[in-house]
Amino acid sequence: MIYRPVPARLPVPAGIGRLLVLTTVFICAACGLVYELELVALASYLIGDSVTQASVVLSVMVFAMGVGSLLAKRLRARAALGFAAVEAVLALAGGLSAMALYACFAWYGRAWPALVGFSLLIGVLTGAEVPLLMTLIQRIRRQDAGGAVADLFAADYVGALVGGLAFPFLLLPVLGQLTGALVTGAVNAVAGGALVLWLFRGDLSARARWAVMAANGLVLALLALCSVLSGPFERAARQAVYGADVRVAVRTGMKEVVLTGGDAGGRPPALFLDGRLRAAGEPSRYHEALVRPAMAGPRRRVLVLGGGDGIAVHEVLRYGGVAAVTVVDPDATVVRLARTDARFVRLNGRAYEDPRVAVVHADPFEWLRARIPEGPGRAYDVVVCDLPGPEGTGGAKLYSQEFYGLVARQLGDEGRLVVHAGRVGEVPDVRHDIRTVDATVRSVGLCTRPYRTAGTGGGWAFVLAGRSRAGVPDGVRALEGGGAAPSTLMHPRYGE
């Protein structure tokens, strides 16, 4: 049976009506892409491995959109009311998705079920939009199917472009993850409700109009309430993850920085970057194990890649003979906190006040690529890679063969390189990643010696490298290297 839309009774000429429908398509498409990017970004922050999170969200949502398109066929006879219902539920689900995902991670330690569930729900609702909007636009003025599809998808794709650009450049830096999702939900609800209640009000009975107004009013009220409570919610969730004595919590454009403890008579200060403990009390066993082996030899000029918290710099400055330390870290916010916050200063020993320290705010890969190798007197004796690890956003790039090739260009004849290779545990893929770091460093012509040190949750692994074979110092345990292929930009091998 072929469904033939009945012409709508509109309060405006047909041309203006079509423009209003296409404008709504544009807005809904922008909101839909923001929901998608919110889920990918937050899951990457909370779970790690951004490639996996993006793949899961995109594949699940595309599948669910197909399911939603099929389900929407049953609503075409009452397309206006169906579209209003879909948009109200979508605005609520999309607006609350980031908060729900964060809550599952903070209180239950598992964000995966919420990630998959919201991807399915948002995908089904987004997929239901297009058939309903196609029915509505055909009711305004019949045209050939190809022309209607072209108009609809043109508005949809342009809206997706605007939403995709608005998320990283406007919503995320200005409003943050939680509030950005809530505001997007409110815009979605207003756009969908306004189109139906004004342009297609002739299709609704008085009871249906009141139901649509009540549903959208309730959605907007819930989103507004959650927006008001987002601050207390975020503090409570952060305390559930890190404990009750969170003193500093900052979400920069690149990472989440949390500092706990540090009060007189309380716990010693502890630094977490993206949920991972990087330093606790004095001295930091992680940073001591990272820096000490590489400093056994010439150390006049030292390069620290990453390490904007200044703790690795503090360890470097404890050794005599250091004339200059260059820190290359893209995150100016972390460096500013490390210079000014009293608890940060306690952790890094006022390292940034030392005149020998110079800071460059740049991506380490791009900085190394642009820096022309200098003569023997200007090469670096020690390079310390105090980077988060090969997993996570951008991690594989800074643990690639190409990156270590750029590092090797900066090393002197007796220069040493030390790399943080990740946590040590019993998980097989973690051991694979450590071996991959070792194989990748060796692939650029450096001699390596992996080692580990004890710590909370199993400890940390490192790779010490140099132009000649370097020994593992006393107090650390050697690790077996090899057995893996190098990781490159074109073929990242971490997590395989």
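The values are calculated or read from the model by the stated rules, or taken from the named source; none is laboratory data. Note that the structure is a prediction, hence the values are computed from the model and not measured. We place every Cβ from the backbone using ideal geometry, glycine too, and count neighbours over all the protein chains shown. Remember, those area values only see protein heavy atoms, side chains included, never the ligands or the DNA or RNA. Shrake-Rupley method; radii C 1.70, N 1.55, O 1.52, S 1.80 Å.
Quick check, is residue 64 within 10 Å of residue 163 (Cβ to Cβ), in contact (Cβ under 8 Å) with a residue 40 or more places away in the chain and either open to solvent by less than 20 Å² (accessible area, probe 1.4 Å) or touching a strand residue (DSSP E or B) at 6+ places or on another chain (Cβ under 8 Å) (or both)?
Considered against the rule, which asks whether it is within 10 Å of residue 163 (Cβ to Cβ), in contact (Cβ under 8 Å) with a residue 40 or more places away in the chain and either open to solvent by less than 20 Å² (accessible area, probe 1.4 Å) or touching a strand residue (DSSP E or B) at 6+ places or on another chain (Cβ under 8 Å) (or both), residue 64 comes out as no.
If you go through segment 174-191 one residue at a time, do you hit one that is polar (S, T, N, Q) and not in a helix (DSSP H, G or I)?
Here is the first cut: in segment 174-191, the residues polar (S, T, N, Q) are 177, 179, 184, 188.
If we keep only those that are not in a helix (DSSP H, G or I) too, we end up with none.
No, segment 174-191 contains no residue that is polar (S, T, N, Q) and not in a helix (DSSP H, G or I).
So that you can scan it fast, the table gives a plain yes or no per residue for (1) closer than 23 Å to residue 174 by Cβ; (2) open to solvent by 50 Å² or more (accessible area, probe 1.4 Å); (3) at pLDDT below 75; (4) among the aliphatic types (A, V, I, L, M):
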| residue | (1), (2), (3), (4) |
| --- | --- |
| 244 | no, yes, yes, yes |
| 248 | yes, no, yes, yes |
| 251 | yes, yes, yes, no |
| 258 | yes, no, no, yes |
| 271 | no, no, yes, yes |
| 279 | no, no, yes, yes |
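For segment 142-162, indicate whether the set of residues that are in contact with a Lys or Arg (Cβ under 8 Å, 6 or more places away or on another chain) and either open to solvent by 60 Å² or more (accessible area, probe 1.4 Å) or under 14 Å from residue 23 (Cβ atoms) (or both) is non-empty. Working first, answer last.
Of the residues in segment 142-162, the ones in contact with a Lys or Arg (Cβ under 8 Å, 6 or more places away or on another chain) are 151.
Cutting the leftovers down to either open to solvent by 60 Å² or more (accessible area, probe 1.4 Å) or under 14 Å from residue 23 (Cβ atoms) (or both) gives us 151.
Looking for residues that are in contact with a Lys or Arg (Cβ under 8 Å, 6 or more places away or on another chain) and either open to solvent by 60 Å² or more (accessible area, probe 1.4 Å) or under 14 Å from residue 23 (Cβ atoms) (or both), one finds at least one in segment 142-162, hence yes.
Is it the case that some residue within segment 203-210 is within 15 Å of residue 85 (Cβ to Cβ), modelled with pLDDT of 95 or more and open to solvent by 10 Å² or more (accessible area, probe 1.4 Å)? Before you say what the answer is, go through the steps one by one.
Pass one, segment 203-210, residues within 15 Å of residue 85 (Cβ to Cβ): 203-205, 207-210.
With modelled with pLDDT of 95 or more added as a condition, the list becomes 210.
Remaining after also requiring open to solvent by 10 Å² or more (accessible area, probe 1.4 Å): 210.
Yes, the conditions are met somewhere in segment 203-210.
Would you mention how many residues in segment 281-333 are touching a Phe, Trp or Tyr at 6+ places or on another chain (Cβ under 9 Å), buried (at least 24 other Cβ atoms within 10 Å of the Cβ) and among the β-branched types (Val, Ile, Thr)?
Qualifying residue count, segment 281-333: 5.
Filter segment 359-387 down to the residues that are touching a helix residue (DSSP H, G or I) at 6+ places or on another chain (Cβ under 7 Å), modelled with pLDDT of 85 or more and open to solvent by 50 Å² or more (accessible area, probe 1.4 Å), then identify the one that is farthest from residue 468 (Cα to Cα). Let's see the steps before the verdict.
Keep residues of segment 359-387 that are touching a helix residue (DSSP H, G or I) at 6+ places or on another chain (Cβ under 7 Å), which gives 359-361, 364-365, 368-369, 373, 382-384, 386-387.
Imposing the further condition that a residue be modelled with pLDDT of 85 or more reduces the set to 359-361, 364-365, 368-369, 382-384, 386-387.
So of that shortlist, the ones also open to solvent by 50 Å² or more (accessible area, probe 1.4 Å) come out as 361, 369.
Working: 361: 31, 369: 24 Å.
Residue satisfying both the conditions and the ranking: 361.
Is it true that some residue in segment 103-113 is touching an Asp or Glu at 6+ places or on another chain (Cβ under 8 Å) and aromatic (Phe, Trp, Tyr)?
No, because not a single residue in segment 103-113 is touching an Asp or Glu at 6+ places or on another chain (Cβ under 8 Å) and aromatic (Phe, Trp, Tyr).
On the given criteria, is residue 356 among the basic types (Lys, Arg), at pLDDT below 90 and open to solvent by 50 Å² or more (accessible area, probe 1.4 Å)?
On the way: among the basic types (Lys, Arg): yes; at pLDDT below 90: no; open to solvent by 50 Å² or more (accessible area, probe 1.4 Å): yes.
So residue 356 does not fit the description; no.
Can you give me the number of residues within segment 87-116 that are touching a residue at least 12 places away in the same chain (Cβ under 8 Å) and either among the acidic types (Asp, Glu) or closer than 14 Å to residue 45 by Cα (or both)? Break it down into steps so the answer makes sense when it comes.
Going residue by residue through segment 87-116, those that are touching a residue at least 12 places away in the same chain (Cβ under 8 Å) are 87-103, 105-107, 111-112, 114-116.
Those left that are additionally either among the acidic types (Asp, Glu) or closer than 14 Å to residue 45 by Cα (or both): 87, 98-99, 101-103, 105-106, 111-112, 115.
Result for segment 87-116: 11.
Of the numbered conditions (1) open to solvent by 50 Å² or more (accessible area, probe 1.4 Å); (2) modelled with pLDDT of 95 or more, residue 95 satisfies every one except a single condition; which is it?
(1) is the only condition that residue 95 fails.
Go through (1) modelled with pLDDT of 80 or more; (2) open to solvent by 70 Å² or more (accessible area, probe 1.4 Å); (3) not in a helix (DSSP H, G or I) for residue 70 and report which single condition fails.
Here residue 70 clears every test but (3).
Just to check your reading of the model, which residue among 139, 76 is open to solvent by 40 Å² or more (accessible area, probe 1.4 Å), assigned to a helix (DSSP H, G or I) and either within 23 Å of residue 191 (Cβ to Cβ) or in contact (Cβ under 8 Å) with a residue 60 or more places away in the chain (or both)? Walk me through it before giving the result.
On the way: 139 fails: open to solvent by 40 Å² or more (accessible area, probe 1.4 Å).
Going through 139, 76 in turn, the sole match is 76.
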